[in-house]
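One structure below.
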Amino acid sequence: MSEMTDVKFGIRVPSFPIDGSRGSEFIRQIRDFLRGLEPYFDSAWVSDHFVPWADFESKETDTLECFTTLSYLSGVFKKLKFGSIVLCNSYRNPALVAKMGATLDVLSGGRFILGIGAGWMEEDYVEYGYNFPPPSVRVRQLEEGVQIIRRMWTEDRVTFRGRYFRVENAYCNPKPYPPPPIMIGGGGEKLTLKVVARYADWWNIPNVDLATYKHKVEVLKRHCLRVGRDPEGIVKTLGSMVAIAKTDEEALKIAKESPFVGEGDIERYFIGSPQTVKEKIKAFVDIGVKYFILRFLDFPRLDGARLFAEEVVPGFNRTTR
């Protein structure tokens, strides 16, 4: 019996267009994109913002709500897992998140991954009427939130009385079995990585270079040792941008035309020919990254993602007996 390597790849689903598309046209782009790539990737991921997170975009641009989008797409594309990258803990009561996640996981046949973080985008908070507390408070709220979610997925009846959240004899049925992985996003060394060490199944950090990722892993290991946890028990994931083409020159042209790539970003992202991209990814694999969540910069075209699937992914798929 053959077994595939445990390095896997997911694709970012844009939650807002960058080409001026609106409404049904943008939805068609997403459907065509996933339909063409569904056989090649393990998962698809949606960010959690109410307005575009990128400064270059008008706040009037169409922006899809995360959980609604995941629920719809998971019903249409049945081979992919679906995850949030990452759900903002502040926007939804964690008991409600537990209920929503359990329901989606059961309805999708166990294909939900909960990515969650402390939140960072002040515009979202202010425009939609949420308080925007200091980072330390948001991280402590996240710590309470993930405890509630996990307990509601694994215990019959939950009572939790924290500083920020409380539930009383709360039931969450049907329960997801097994519970979805909880992926905590963020790289704050004093607070966030401490929460990751205590409570995360997976850990994600986006758009960092190799040296930064390596440093964050060492910090996470120290937090794990302090709480008596094996750091190898946490799946390391990386979110990043990809511009890939037959040659390095063609890929660089795609990157430079993308509004997501600014001065100094080229070295942080996976930009180049298949061989160049493969070498860059291998460097992260060598320090323990098991899962890559990738935004392809030529969206809505499928060229880059298909080239990646055909010429990069097989290099990380080995067959053993």
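The values are calculated or read from the model by the stated rules, or taken from the named source; none is laboratory data. Treat the numbers as computed from the prediction; the structure is a model and nothing was measured. Positions of Cβ are generated from backbone atoms using ideal geometry, with glycine treated the same way; all protein chains shown enter the neighbour counts.
The number of residues in the range 241-254 being surrounded by 22 or more Cβ atoms within 10 Å (Cβ to Cβ) and part of a strand (DSSP E or B) comes to 3. For the range 48-100, taking the residues that are in a loop (DSSP other than H, G, I, E, B) and among the aliphatic types (A, V, I, L, M), the one that is nearest to G145 (Cα to Cα) is identified as V86.
When I148, I116 are screened for being out of contact with any Phe, Trp or Tyr (no Cβ under 9 Å at 6 or more places or on another chain) and modelled with pLDDT of 95 or more, only I116 passes.
Only residues that are among the hydroxyl-bearing types (S, T, Y) and assigned to a helix (DSSP H, G or I) were counted in the range 266-276, giving 1.
Given the structure, is I254 over 27 Å from I113 (Cβ atoms), without any contact (Cβ under 8 Å) to a residue 60 or more places away in the chain and among the aliphatic types (A, V, I, L, M)? Answer is yes for this residue.
Filtering the range 87-109 to residues that are buried (at least 24 other Cβ atoms within 10 Å of the Cβ) and touching a residue at least 60 places away in the same chain (Cβ under 8 Å) leaves P94, A98, G101, D105. Of the candidates E279, E263, the single residue that is out of contact with any Ser or Thr (no Cβ under 9 Å at 6 or more places or on another chain), acidic (D, E) and in a helix (DSSP H, G or I) is E279. When each of E122, E57 is tested for being over 24 Å from T237 (Cβ atoms) and either in contact with a His (Cβ under 8 Å, 6 or more places away or on another chain) or touching a residue at least 40 places away in the same chain (Cβ under 8 Å) (or both), the lone residue that passes is E57. Which one is nearest to the chain's Cα centre (by Cα), of the residues in the range 311-321 that are surrounded by fewer than 19 Cβ atoms within 10 Å (Cβ to Cβ) and outside any helix (DSSP H, G or I)? So the residue we want is N317.
Here V195 fulfils each of the conditions (1) hydrophobic (A, V, I, L, M, F, W, C); (2) touching a residue at least 60 places away in the same chain (Cβ under 8 Å); (3) not in a loop (DSSP other than H, G, I, E, B) apart from (2).
Residues in the range 152-192 that are in a strand (DSSP E or B), crowded, with 20+ Cβ neighbours inside 10 Å and of a type outside the set (A, V, I, L, M, F, W, C): G185 only. Tell me, which residue of the range 198-230 that is under 23 Å from P179 (Cβ atoms) and in contact with a Leu (Cβ under 6 Å, 6 or more places away or on another chain) is surrounded by the fewest Cβ atoms within 10 Å (Cβ to Cβ)? Taking the candidates together, the pick is H223. Does the range 23-69 hold any residues that are within 17 Å of the chain's Cα centre (by Cα), closer than 27 Å to L307 by Cβ and hydroxyl-bearing (S, T, Y), and which are they? The answer is S43, S47, T69.
From the set of residues in the range 256-300 that are among the β-branched types (V, I, T) and in contact with a helix residue (DSSP H, G or I) (Cβ under 6 Å, 6 or more places away or on another chain), which is surrounded by the fewest Cβ atoms within 10 Å (Cβ to Cβ)?
First, pick out the residues of the range 256-300 that are among the β-branched types (V, I, T): 261, 266, 271, 276-277, 281, 285, 287, 289, 293.
If we keep only those that are in contact with a helix residue (DSSP H, G or I) (Cβ under 6 Å, 6 or more places away or on another chain) as well, we get 261, 271, 276, 287.
Values: V261: 19, I271: 26, T276: 16, I287: 12.
Step by step, filter the range 256-300, then rank; the result is I287.
Go through the range 110-143 and give me each residue that's of a type outside the set (A, V, I, L, M, F, W, C) and surrounded by 19 or more Cβ atoms within 10 Å (Cβ to Cβ).
R111, G115, G117, G119, D124, Y125, R138, Q141, E143, listed by residue number.
Considering only the range 116-156, how many residues are closer than 18 Å to H49 by Cβ and among the hydrophobic types (A, V, I, L, M, F, W, C)? Residues meeting the conditions: 7.
Taken together, G233, G188, G239 contain a single residue that is touching a strand residue (DSSP E or B) at 6+ places or on another chain (Cβ under 8 Å), among the small types (G, A, S) and under 21 Å from L114 (Cβ atoms), which is G239.
Condition check ((1) more than 24 Å from P39 (Cα to Cα); (2) of a type in the set (D, E); (3) at pLDDT below 95; (4) more than 20 Å from the chain's Cα centre (by Cα)) across all residues:
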| site | (1), (2), (3), (4) |
| --- | --- |
| I266 | yes, no, yes, yes |
| Q275 | no, no, no, yes |
| E279 | no, yes, no, yes |
| D286 | yes, yes, no, yes |
| R295 | no, no, no, no |
| R301 | no, no, no, yes |
| A305 | no, no, no, no |
| A309 | no, no, no, no |
